[in-house]
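S.K.: One structure, pasted below without further comment.
The values are calculated or read from the model by the stated rules, or taken from the named source; none is laboratory data. The shown structure was predicted, so the numbers you read here are calculated from the model rather than taken from an experiment. Positions of Cβ are backbone-derived with ideal geometry, glycine not excepted, and every protein chain shown enters the neighbour counts.
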Amino acid sequence: MKIIIAKPPIWDEANKLFRLKELGLGVIFTYGDTIYNPFNIPVTRDLVAHEEKHAEQQQHDETCAGLWWKRYVEDPAFRIEQEAQAYRAQFKCICKTVKDRNNRARNLHMLASQLSGPIYGNSVTHTAALQMIGSGVTLEPDQARKEVPNALQ
Ligand SMILES: [Zn+2]
């Protein structure tokens, strides 16, 4: 995906939906296969994983992106479902580098606070958000290393 410092094509709608001015938030937007970063915030690896999921949902295509954004703005249930997938991808990305159980749990709680927070209209509880993002994603360090045969260690 390419990242550009510019407002996305759906800036006006998104601005209204997310109440960006009121909440004073710096956010990024995916449209097609491009990440728009109008506030020039640091785009971390896990944020890219989040936005890559949105690109996939939009089939990496600008026409699909237009339709996706229209539904995203109009349909709160669709919005939360799509975001839950994106936050889940983000959390999985975090777990690739964060192996400490408590640190993973902290990250999961932080992501759940975002998904259940004002930017998405406080439309799910924190507990529900935790489940949507974290269920099935283990908080234990991954077992990959243990599966390597002894001879290779
Ligand atoms: Zn998102």
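S.K.: Among the residues of the stretch 50-61, write down those that are more than 11 Å from the ligand (Cβ to nearest atom) and crowded, with 19+ Cβ neighbours inside 10 Å.
M.R.: To start, the set of residues in the stretch 50-61 that are more than 11 Å from the ligand (Cβ to nearest atom) comprises 56, 58-61.
Within the stretch 50-61, just GLN58 meets the criteria.
S.K.: Filter the stretch 13-36 down to residues that are farther than 17 Å from GLU62 by Cα and without any contact (Cβ under 8 Å) to a residue 40 or more places away in the chain, then give me how many there are. Before you say what the answer is, go through the steps one by one.
M.R.: Keep residues of the stretch 13-36 that are farther than 17 Å from GLU62 by Cα, which gives 15-27.
Going one step further and asking which of them are without any contact (Cβ under 8 Å) to a residue 40 or more places away in the chain, we end up with 15-16, 20-22, 24, 26.
Residues in the stretch 13-36 being farther than 17 Å from GLU62 by Cα and without any contact (Cβ under 8 Å) to a residue 40 or more places away in the chain: 7 in total.
Condition check ((1) modelled with pLDDT under 95; (2) β-branched (Val, Ile, Thr); (3) under 15 Å from the mean Cα position of the chain (by Cα)) across all residues:
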{"site": "ALA105", "(1), (2), (3)": "no, no, no"}
{"site": "LEU108", "(1), (2), (3)": "no, no, yes"}
{"site": "ILE119", "(1), (2), (3)": "yes, yes, yes"}
{"site": "SER123", "(1), (2), (3)": "yes, no, no"}
{"site": "ALA129", "(1), (2), (3)": "no, no, yes"}
{"site": "SER135", "(1), (2), (3)": "yes, no, no"}
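S.K.: Specify which of the listed residues (ILE3, ILE80) is of a type in the set (Val, Ile, Thr) and either at pLDDT below 95 or assigned to a helix (DSSP H, G or I) (or both).
M.R.: Numbers: ILE3 fails: either at pLDDT below 95 or assigned to a helix (DSSP H, G or I) (or both).
Going through ILE3, ILE80 in turn, the sole match is ILE80.
S.K.: Sticking with this structure for a sec: Condition test on LYS96, is it within 15 Å of the ligand (Cβ to nearest atom) and not aromatic (Phe, Trp, Tyr)? Even if it seems obvious, please write down each step before you answer.
M.R.: Values: within 15 Å of the ligand (Cβ to nearest atom): no; not aromatic (Phe, Trp, Tyr): yes.
Spelling it out, it is not the case that LYS96 is within 15 Å of the ligand (Cβ to nearest atom) and not aromatic (Phe, Trp, Tyr).
S.K.: Let me ask you something else. For the list (1) under 14 Å from the mean Cα position of the chain (by Cα); (2) closer than 19 Å to ASP12 by Cα; (3) not polar (S, T, N, Q), I need the number of the one condition that GLU52 fails.
M.R.: Evaluating GLU52 over (1) under 14 Å from the mean Cα position of the chain (by Cα); (2) closer than 19 Å to ASP12 by Cα; (3) not polar (S, T, N, Q) leaves (2) as the failure.
One line per residue, one yes/no per condition, for (1) among the aliphatic types (A, V, I, L, M); (2) touching a Cys at 6+ places or on another chain (Cβ under 8 Å); (3) surrounded by 14 or more Cβ atoms within 10 Å (Cβ to Cβ):
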{"position": "THR63", "(1), (2), (3)": "no, no, no"}
{"position": "ARG71", "(1), (2), (3)": "no, no, no"}
{"position": "ASP75", "(1), (2), (3)": "no, no, no"}
{"position": "ARG79", "(1), (2), (3)": "no, no, yes"}
{"position": "GLN82", "(1), (2), (3)": "no, no, yes"}
{"position": "ASP100", "(1), (2), (3)": "no, no, no"}
{"position": "GLY117", "(1), (2), (3)": "no, no, yes"}
{"position": "TYR120", "(1), (2), (3)": "no, no, yes"}
{"position": "LEU130", "(1), (2), (3)": "yes, no, yes"}
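S.K.: If you don't mind, another one. Look through the stretch 32-47, keep the residues that are of a type in the set (A, V, I, L, M, F, W, C) and more than 12 Å from the ligand (Cβ to nearest atom), and return whichever of them is nearest to the chain's Cα centre (by Cα). Even if it seems obvious, please write down each step before you answer.
M.R.: Going residue by residue through the stretch 32-47, those that are of a type in the set (A, V, I, L, M, F, W, C) are 35, 39, 41, 43, 47.
Applying the additional criterion that residues be more than 12 Å from the ligand (Cβ to nearest atom) yields 39, 41, 43.
Working: PHE39: 17, ILE41: 15, VAL43: 12 Å.
Per the stated criteria, the residue is VAL43.
S.K.: Only residues in the stretch 92-108 that are under 19 Å from HIS126 (Cβ atoms) and assigned to a helix (DSSP H, G or I) count as the first member; pair them with residues that are at pLDDT 95 or above and hydroxyl-bearing (Ser, Thr, Tyr), Cβ under 7 angstrom, at least 6 apart or cross-chain, and list the lot.
M.R.: From the stretch 92-108, no pairs qualify.
S.K.: Looking at ALA89, is it within 11 Å of the ligand (Cβ to nearest atom), of a type outside the set (Ser, Thr, Tyr) and not assigned by TED's automatic domain parsing to the domain that holds LYS2? Before you say what the answer is, go through the steps one by one.
M.R.: Numbers: within 11 Å of the ligand (Cβ to nearest atom): yes; of a type outside the set (Ser, Thr, Tyr): yes; not assigned by TED's automatic domain parsing to the domain that holds LYS2: yes.
So ALA89 fits the description; yes.
S.K.: Quick one: in the stretch 8-27, of everything that is outside any helix (DSSP H, G or I), out of contact with any Pro (no Cβ under 8 Å at 6 or more places or on another chain) and within 15 Å of the ligand (Cβ to nearest atom), which residue is nearest to CYS64 (Cα to Cα)?
M.R.: Here is the first cut: in the stretch 8-27, the ones outside any helix (DSSP H, G or I) are 8-10, 19, 24-27.
Okay, now just the ones that are also out of contact with any Pro (no Cβ under 8 Å at 6 or more places or on another chain), so 9-10, 24-27.
Filter again for within 15 Å of the ligand (Cβ to nearest atom), leaving 10, 25-27.
On the way: ILE10: 13, LEU25: 26, GLY26: 25, VAL27: 21 Å.
The extreme case among them is ILE10.
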